[in-house]
Amino acid sequence: MDDNKLEAKLLKIKALAERGEGGERESAIQLYQKLLKKYDIDEQSLLKEKLNKHWFTYKNDIEENLLVQIFYMVTGDSEYFRRKSRTRGKQCGCVCTDFEKTEIRFYYEFYKDAFNQELEAFLMAFKLKNHLFPDESARCYVPVEEEAEDTEISDILLKAQKLAEDIDKSIPVHMLETSVQASPGAAAEEC
């Protein structure tokens with residue numbers, strides 16, 4: 001394993017050892033110590049405290065928001081930078097150590113995946129709450145057969161059903177009525 005890959009791996013394990021919980025934390029500490037000893041690495045040389053500007057790629061505004069929050073969580077500094085590159089896309093950067101950079105990458109990937117799972121459940125809940133499924137009036141409607149009661153319901157569907165209880169139902173007709181009343185032409189027609 002080359003030195004850069006080994007260093008990156010050690011830094012990820014160190015981050016997990018510092019922020020992990022329970023058995024995960026203990027296992028990470030043991031692995032970290034074992035690898036330091038195996039490769040005869042001085043921990044102080046590994047944790048270079050030089051500050052540099054590091055850049056991280058993201059795809060959309062929500063990912064940017066999450067990334068900036070992780071910058072703040074890891075470094076305690078709320079300052080960050082933006083840039084757009086033709087080859088790399090949208091990027092945010094912050095001033096941090098190499099160790100913090102590795103920690104930021106680890107947490108960003110972890111929480112981005114967790115957020116996307118929650119977003120999937122929320123979208124399903126939104127569809128359920130607003131009944132965004134075809135009925136008999138749909139051109140290609142096919143009735144859904146009732147499933148047996150003992151059929152396992154997926155975790156995401158259960159979560160979506162619970163989330164749907166707290167979502168306000170959106171009603172398109174009310175939105176149309178409100179926009180017609182607010183438009184200037186509507187007042188002229190009423191006269």
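The values are calculated or read from the model by the stated rules, or taken from the named source; none is laboratory data. Note that the structure is predicted; figures quoted are calculated from it, not measured. Every residue, glycine among them, receives a Cβ derived from its backbone with ideal geometry; neighbour counts consider all protein chains shown. We work out accessible area using only protein heavy atoms, side chains counted, and drop any ligands, DNA or RNA first. Shrake-Rupley method; radii C 1.70, N 1.55, O 1.52, S 1.80 Å.
Compute the length gained on full extension between Leu119 and Lys84: take 0.36 nm times their separation in residues and subtract their Cα-Cα distance, giving the result in nm to one decimal. Write down the numbers at each step before the final one.
Working: separation 35, 0.36 × 35 = 12.60 nm, distance 2.60 nm.
In short, 10.0 nm is gained.
I want the local charge near Met73. Using Cβ-Cβ distances under 11 Å, sum +1 for each Lys or Arg and -1 for each Asp or Glu among the other residues. Mind dumping the intermediate values first?
Values: positive: Arg19; negative: Asp77, Glu100, Glu103.
With Lys, Arg at +1 and Asp, Glu at -1, the neighbours total -2.
With a 1.4 Å probe and every protein chain left in place, tell me how much accessible area Phe81 has, in Å² to the nearest 10.
Here the residue's solvent-accessible area equals roughly 50 Å².
As a quick test, which of the pairs Lys14/Lys53; Lys14/Lys101; Lys90/Lys129; Lys12/Lys162; Lys90/Lys162 have an alpha carbon distance above 24 angstrom in this structure?
Long pairs (Cα-Cα over 24 Å): Lys90/Lys129; Lys12/Lys162; Lys90/Lys162.
Testing the spin-label approximation: label points 7 Å from Cα along Cα→Cβ at Tyr111 and Glu24. State their distance in nm.
Between Tyr111 and Glu24, the label points sit 1.4 nm apart.
What is the spin-label model distance, in nm, from Met73 to Tyr39 if the labels are put 7 Å beyond Cα along the C-beta direction?
About 2.5 nm separates the two model spin labels.
Quick one: 3J(HN,Hα) in Hz for the range 135-143, Karplus 6.51/-1.76/1.60 with θ = phi - 60°, rounded, Gly and Pro as x.
Each residue's phi maps through the Karplus curve to give 10, 4, 7, 6, 4, 10, 5, 10, x Hz.
Using a 1.4 angstrom probe with every protein chain in place, what is the largest-first accessible-area order of Thr97, Thr87? Mind dumping the intermediate values first?
Details: Thr97 10, Thr87 125 Å².
Per-residue accessible area, sorted high to low, gives Thr87, Thr97.
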